[in-house]
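The values are calculated or read from the model by the stated rules, or taken from the named source; none is laboratory data. Nothing here was measured: the structure is a model prediction, and the numbers come from that model. Glycine gets a Cβ as well: all are built from the backbone with ideal geometry, and neighbour counts include every protein chain shown. Surface areas here come from the heavy atoms of the whole protein model, side chains and all, with no ligands, DNA or RNA. Shrake-Rupley method; radii C 1.70, N 1.55, O 1.52, S 1.80 Å.
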Amino acid sequence: MIPYSLFLLLDRSAGVDGKIEQVKAEAQGEFKPRISIVRVLRLVSGGATVASGFVTLFVLAMIFRPLYAANAGGVFTVIGFFAAAFALGGVLTAMWLGHWYLVTPALSGRPLQFATTLVLVAVLVQVALSFLIGPSTAYVNKPLAPTGHTTISAVPTPSASGSHVKPVGAPVITPLGTDAINWLHILVAFAIPLLLGGLAWKLIRDRSFQSATGMLYLVVVCTLAGEVLARGLFLLGL
């Protein structure tokens with residue numbers, strides 16, 4: 001991202017200002033090349049940044065894929081990582097972009113509407129994956145089938161502080177039950193973002209950018225909290 005940011009600062013033809021200069025030059029009969037070396041370097045570095053992000057997400061998803069490899073070999077788990085990344089990145093981009101419309105309200109609302117649509121689609125994909133994967137997200141907690149080999153069980157032994165080693169198969173005690181956390185996750189990560197995101201999408205179409213930005217603030221909070229709950233459920237019992 002550092003080379004991309006540098007080339008973006010050096011590229012005078014980038015953005016709306018560059019298009020205005022291009023139109024003025026064509027109106028005056030001057031020839032200005034549409035593609036410069038700096039622009040090519042900016043596009044190459046930007047493409048490399050996006051590709052590295054996709055590769056990083058894929059590697060992380062493949063690392064955690066064995067935690068729930070029961071459904072379609074963990075394919076849904078990998079897709080879930082990408083859907084979560086698009087939801088988080090999309091809502092943060094939309095919220096930051098909404099502030100730009102507060103100072104320049106004459107801008108086209110299409111970029112903000114596109115970012116909001118991306119968030120809604122990503123959340124809907126997560127909802128679909130939650131039904132495909134099921135309520136349980138910790139595959140490692142499922143009992144293993146007997147293999148016929150001798151199993152050595154951990155025996156509780158007192159330590160220097162007087163505590164004991166946790167026996168094998170002991171239940172995990174949490175302040176809230178797993179079912180309650182699942183329902184809280186559905187409410188915070190799915191229901192509220194879809195409702196508020198839909199309202200923000202409608203407000204953007206009506207060019208009410210200030211209200212839409214306020215809605216996106218709430219979607220950011222719910223999406224971040226929902227992803228924290230989702231990761232906690234995903235890693236439950238480790």
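Among the residues of segment 100-119, which ones are surrounded by 14 or more Cβ atoms within 10 Å (Cβ to Cβ) and in contact (Cβ under 8 Å) with a residue 24 or more places away in the chain? Before you say what the answer is, go through the steps one by one.
So the first thing to find is which residues in segment 100-119 are surrounded by 14 or more Cβ atoms within 10 Å (Cβ to Cβ), and the list is 100-101, 107, 109, 111-119.
The answer is Tyr101, Gly109, Leu112, Gln113, Ala115, Thr116, Thr117, Leu118, Val119.
Look through Ala51, Ala87, Ala83, Ala94 and report the one residue that is in a helix (DSSP H, G or I), exposed (fewer than 12 other Cβ atoms within 10 Å of the Cβ), at pLDDT 90 or above and not β-branched (Val, Ile, Thr).
Working: Ala87 fails: exposed (fewer than 12 other Cβ atoms within 10 Å of the Cβ); Ala83 fails: exposed (fewer than 12 other Cβ atoms within 10 Å of the Cβ); Ala94 fails: exposed (fewer than 12 other Cβ atoms within 10 Å of the Cβ).
Going through Ala51, Ala87, Ala83, Ala94 in turn, just one is in a helix (DSSP H, G or I), exposed (fewer than 12 other Cβ atoms within 10 Å of the Cβ), at pLDDT 90 or above and not β-branched (Val, Ile, Thr): Ala51.
I'm trying to understand the selection: among the residues of segment 65-78, which are at pLDDT 85 or above and either open to solvent by less than 70 Å² (accessible area, probe 1.4 Å) or of a type in the set (D, E, K, R) (or both)?
Arg65, Phe76, Thr77, Val78
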Search result, residues across segment 181-216 that are of a type outside the set (Gly, Ala, Ser) and in contact (Cβ under 8 Å) with a residue 60 or more places away in the chain: Phe190, Pro193, Leu194, Trp201, Ile204, Arg205, Arg207, Phe209, Gln210, Thr213, Leu216
Somewhere in segment 39-47, is a residue within 18 Å of Ala85 (Cβ to Cβ), surrounded by 13 or more Cβ atoms within 10 Å (Cβ to Cβ) and at pLDDT 70 or above? yes
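Those residues that are at pLDDT 65 or above and hydrophobic (A, V, I, L, M, F, W, C), I need them from segment 1-38; list them, please. Steps first, answer last, please.
Looking only at segment 1-38, we keep the residues that are at pLDDT 65 or above, and these are 1-14, 28-29, 35-38.
Within segment 1-38, Met1, Ile2, Leu6, Phe7, Leu8, Leu9, Leu10, Ala14, Ile35, Ile37, Val38 qualify.
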Considering only segment 200-238, state which residues are open to solvent by 70 Å² or more (accessible area, probe 1.4 Å), closer than 17 Å to Leu97 by Cα and in a helix (DSSP H, G or I). Trp201, Lys202, Arg205, Gln210, Tyr217, Leu218, Val221
Between residues in segment 66-78 that are of a type outside the set (Ser, Thr, Tyr) and residues that are part of a loop (DSSP other than H, G, I, E, B) and modelled with pLDDT of 80 or more, which pairs lie under 8 Å by C-beta distance while being six or more apart or on different chains? Leu67/Leu235
